[in-house]
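I am attaching a structure below and will ask some questions about it afterwards.
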Amino acid sequence: MSISAGATLGPYEILAPLGSGGMGDVYRARDPRLGRDVAVKVLPPAFASDPNRLARFEQEARAVAALNHPNIVAIYDVGKDPEGRPYLVTELIEGTTLRTRLSDEPLPLRQAVDFGLQIAHGLAAAHDRGIVHRDLKPENLFVTKDRRVKILDFGLAKVVGPRGGIESTIAVGATESGTVLGTVGYMAPEQVRGETADHRSDLFAFGSILYEMIAGRRAFQALTAAETMTAILRSDPPPMGAPGQIPSSIERVVRHCLEKTPGERYQSAHDLAFQLEGALGPGDGAEGAARAKPRGRWLAVTALLAAIVGGLLAVAPRWLSPPAKPPEFHRVTFRPGFAWSGRFAPDGRTIVYSAAWGEAPLETYSTRPESPESRALGLKNASILSISKSGEMAVLLDASYAGGWAYRGTLARVPLEGGAPREILDSVLWADWEPGGRDLAVVRESGGERRLEYPIGKVLYKAAGTIGEPRFSPKGDLIAFLDHPIFGDDRGSVSVVDRRGSVRRLTSVWKSIQGIAWAPGGKEIWFTAADEGPIRALYAVTPGGRLRTVMNPPGSLSLQDISPSGGVLLAEWRIRYGITGRSGADAGERDLSWLDWSAVRDFSHDGTQILFSEGGEGGGPSYGVYLRPTDGSPAVRLGEGETLALSPDGQWVLSVPRGDKPHPVLLPTGAGQARSLPAGPLHEYQNGTWLKDGRVLLEASEPGHGNRYYVQDVNGGMPQAVTPENVAGFGFGAHTASPDGRKVIARGPGGSIAMWPLGPGEPTPVSGLVAGDVPIRWADDGRTLYVARAAAGRRELELARVDLPTGRRTLWKELVPRDAIGATRIGSPMVSPDGKAYAYTYGSHTADLYLVEGLR
């Protein structure tokens, strides 16, 4: 029986289900005592019905809980639910199982060895405590987003057999429906014979897993379970690769693990780790695992000699062949400003790009790597999106800021040799030509959603967040794209969709991801992303989900395109966000920036303090919440998360931690402890604000549903929906709830702006708004609405006051960045509730294009 969100198991509050299987159901839960999220596994009823089995489970769980090792999932607690079923509380880890990582291709050799070393060290720590896994397999190995391997489910797969011995559970495999190969393929011979298994049985399973990581296939796999068991007892697996492909030192480690007799295998996981660490040669060991300590002088000498010999054999081919040629970097652009987007022309050498140089508007140019000069194509205020093989460009005309990292404009077709643009479609964000050059895939806005369409009008995928940069595979059967779950934020993942609309996510969610292109041949999708901060590196992922690092740069990259010959066009970005503001006591504006990515979110009621977010390297991967006096005094860091709003009394800040399953958190501005609010089924928070009565108004969504508004009591209780679905706000920092807490100004399902009651009732129109208006705050007087509107391109912003009863509109402020070069836009304007102070976020973006040749 599943457990509903909001229920409790002991002290743990269930937040959401994470998965289920033969070993029970797993939930994300909150431990309010320590303020952390955990994973709770509720085990099957069979555990509760067998007292001996239950006692053994609890004994083994407590033994594993005593371990403290980075390669073993931490166990925090055990308990029983109201029905008597036992549950296990572990650390919450994010990533994927090794089984998922093992698609149709082997892992790179160094990554396989790195993973193997981590597994070996985890096994060594467990074996030292007398704990044996006995069911080691890829399904029980978890790879986190930072490539840390953690061993799962120690003791959970053990069954007390009829003779008192230990038998491993025979489970269904990941891809063989109705068979038993999933676990059988990793059993040691003694387990197959029904004999007692010990720590050396784990080493046999380890050898099978290491073989599979390197070879890309299982060591023992036949049509039936019986045939697989026979192969384990009598046969040796075939070589892992072609002659000379796999170092013989690695082959020997695997073969030693897979000896049929336990006494002929490695006798400890420490010995195994020591041998494996030296198997790739001196200086070439994999990263991420600590060196195991030798157990004796002669063992150390023997292992060292073996490592040296193995290393010499491994590097010998390097003596016989010239070293690999390093990549060559050619700078393509040289003027100060921002290179916006770039694509290769059909000849594979000419580069067409759009840029805003100096204080000039966006324009499209062409150049070649051998020349520092560029030729203007006569296309102003146009951003290049795609070039067909026949030389026709798809461009975005008169693009305006749509929020976050997205720009919206009119899609047009233009011949590469010149001519007037032919407009096709409005409200477009991205487009790409299919390989034949006849039709376009587009991303456009409709009804508050972003839709990926191909051909135009046929929806393949839609999202409340942002769909970025669709790119056709060379064969045209797949479209790769960046899936940003939250509109206005560039965290996201790489996904592909086929022409029928079947979508597959290939990577986990990155903190920042921008730029995507198919490698020649279509075997990989390259993209630029970052796990922490804005420094994006270049990665590659196969359509099967296998990930590798192509290049780690010192600066932030954005992939633009890849030529048929393998030339890579990259933009190196230099980005800073700051805050400019003016309080009621100031004669003029002052710079209120703090670190490298300051974004204003709210004012104190009297305008003497600003609340802001730090989302760059300085803020860290979880972002920082800061409060700063408007007189320029130093800022105070209050905590982590996405900053939302300051309470009317100035004592609390509403924020949301970063992650896939966030929940609201209240941070004190003075002395006190942070408090978490239950999220229930909510996720993907878009904004939040305080109401007059002390409750909070949250814009969020439930899985499978569109955005809407929820009200939540900060003193307890679950969030309650107060508007229909697909009623959305205007991004982080917009505070459009009425002062009396009864209404909110928001976009409805059709995209029109209206005044929505927070409860039963119908929306009413808002008069006085013009095209492009973005509401930012409802003033204290209950009748004035402050709105922002882009003016003079991207670099200026108008702040206006709209009198809601009459619709009268008055220009209040015109915000202009101090330095026009690199100033792409002004965003996140904020007005204090009393209307006497204002602040805004400005962006300074500069970028140059580079052609990189020789990347592999």
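Take the alpha-carbon centre of the stretch 217-267, take the same for the stretch 508-548, and report the distance between them in whole Å.
Each part's Cα centre sits 34 Å from the other's.
What distance in nm separates the two pseudo spin-label positions at Glu264 and Lys389, each 7 Å out from Cα along the beta-carbon direction?
According to this spin-label approximation, the distance is 5.6 nm.
Another question, then. For Arg500 and Leu223, what does the FRET efficiency come to when R0 = 35 Å and r is the distance between their Cβ atoms, rounded to the nearest 0.05? Provide the component values of the computation, followed by the final result.
On the way: r = 32 Å, r/R0 = 0.90.
It comes out at approximately 0.65.
Out of all Cα-Cα pairs in the chain, roughly what percent, to the nearest whole number, are more than 43 Å apart?
Values: 143287 of 365940 pairs.
The proportion of pairs with Cα distances above 43 Å equals 39 percent.
Can I ask one more? How much of Ser390 can a 1.4 Å solvent probe reach, expressed as accessible area in Å² and rounded to 10?
In the full protein context, Ser390 sits at about 100 Å².
While we're on this one: Suppose a student asked you for the relative contact order of the chain, using Cα pairs under 8 Å spaced at least 6 residues apart; what percent would you report?
Working: 2149 pairs, mean separation 61.9, N = 856.
Normalised by residue count, the contact order of the chain is 7 percent.
Whole-Hz Karplus ³J(HN,Hα) for the stretch 771-777, in order, using 6.51 cos²θ - 1.76 cosθ + 1.60 and θ = phi - 60°, x for Gly and Pro?
4, x, 5, 10, x, 10, 7
Compute the signed sum of charges (Lys and Arg +1, Asp and Glu -1) over the other residues within less than 11 Å, Cβ to Cβ, of Ser563. Before the final figure, lay out each step's value.
Numbers: positive: Arg343, Arg349; negative: Asp347, Asp561, Glu853.
Cβ neighbours under 11 Å give a net charge of -1.
Ignoring ligands, DNA and RNA, please state the percent of accessible area on the stretch 673-767 from carbon and sulfur, probe 1.4 Å. Write out the running numbers ahead of the final one.
Values: 1970 of 3970 Å².
Answer for the stretch 673-767 is 50 percent, counting heavy atoms of protein chains only.
In addition: Helix by helix, which DSSP H runs in the chain go 18 Å or more along their axis at the Cα atoms and have an average Kyte-Doolittle hydropathy of 0.5 or more? Write down the numbers at each step before the final one.
Details: long enough: 51-65 (21 Å, -0.74); 109-128 (28 Å, 0.31); 199-215 (24 Å, 0.57); 297-320 (35 Å, 1.53).
Membrane-span-like by this criterion, though nothing is claimed about a membrane: 199-215, 297-320.
Another question, if that's okay. So if each residue of separation counts as 0.36 nm, and I subtract the Cα-Cα distance between Glu762 and Arg783, what length gain in nm does that give? If you can, show how the numbers build up before the last one.
Working: separation 21, 0.36 × 21 = 7.56 nm, distance 1.92 nm.
Result: 5.6 nm gained on full extension.
Largest first, how would Val352, Val774 line up by accessible area (1.4 Å probe)?
Working: Val352 0, Val774 50 Å².
Result of the area sort, largest leading: Val774, Val352.
Given the DSSP H assignment, sum -39500 (n - 2.57) over each helix run of at least 4 residues in the chain and divide by its residue total; what's the result at 222 nm in deg cm²/dmol, nearest 500?
Details: 11 runs with 122 residues, N = 856.
Dividing the helical sum by the residues of the chain leaves -4500 deg cm²/dmol.
Compute the signed sum of charges (Lys and Arg +1, Asp and Glu -1) over the other residues within less than 12 Å, Cβ to Cβ, of Tyr87.
On the way: positive: Lys41, Lys80, Arg85; negative: Asp25, Glu58, Asp77, Asp81, Glu83.
So the surrounding residues net to -2.
How far, in nm, would the chain grow between Arg856 and Ser4 when pulled straight, counting 0.36 nm per residue and subtracting the alpha carbon separation? Can you show the working numbers first?
Working: separation 852, 0.36 × 852 = 306.72 nm, distance 4.81 nm.
Fully extending the segment from Arg856 to Ser4 adds 301.9 nm.
Quick check: residue separation of Ala771 and Asn68 times 0.36 nm, minus the Cα distance between them. What number comes out in nm?
Details: separation 703, 0.36 × 703 = 253.08 nm, distance 5.89 nm.
247.2 nm is the gain from fully extending Ala771 to Asn68.
Also: In percent, what relative contact order does the stretch 1-44 have, based on Cα pairs under 8 Å that are 6 or more apart in sequence? Spell out each step's value before the answer.
Values: 79 pairs, mean separation 12.7, N = 44.
Dividing the mean separation by the residue count of the stretch 1-44 yields 29 percent.
Using a Förster radius of 51 Å, what is the FRET efficiency between Val459 and Thr196 based on their Cβ-Cβ separation? Nearest 0.05, please.
On the way: r = 59 Å, r/R0 = 1.15.
Approximately 0.30, to the nearest 0.05.
All other residues with a Cβ under 14 Å from the Cβ of Ala480 taken together, and with Lys, Arg as +1 and Asp, Glu as -1, what is their net charge? Walk me through the numbers before you get to the answer.
Values: positive: Arg471, Lys475, Arg499, Arg504, Arg505, Lys523; negative: Asp432, Glu434, Glu469, Asp477, Asp483, Asp498, Glu524, Asp561.
Taking every Cβ under 14 Å from that of Ala480, the sum is -2.
Also, I was wondering about something else. On the Cα set of the stretch 633-741, report Rg and Dmax in Å, please.
In Å, with Rg to one decimal and Dmax whole: 13.3, 45.
Rank Arg742, Arg422 by accessible area, highest first, at a 1.4 Å probe radius?
Details: Arg742 165, Arg422 135 Å².
Sorted by accessible area, descending: Arg742, Arg422.
The values are calculated or read from the model by the stated rules, or taken from the named source; none is laboratory data. Predicted model only: the values in this text are computed from it and were never measured. Because the Cβ atoms are built from the backbone with ideal geometry, glycine has one as well, and the counts that use them run over all protein chains shown. Ligands, DNA and RNA are excluded from the accessible area calculation, which covers all protein heavy atoms including side chains. Shrake-Rupley method; radii C 1.70, N 1.55, O 1.52, S 1.80 Å.
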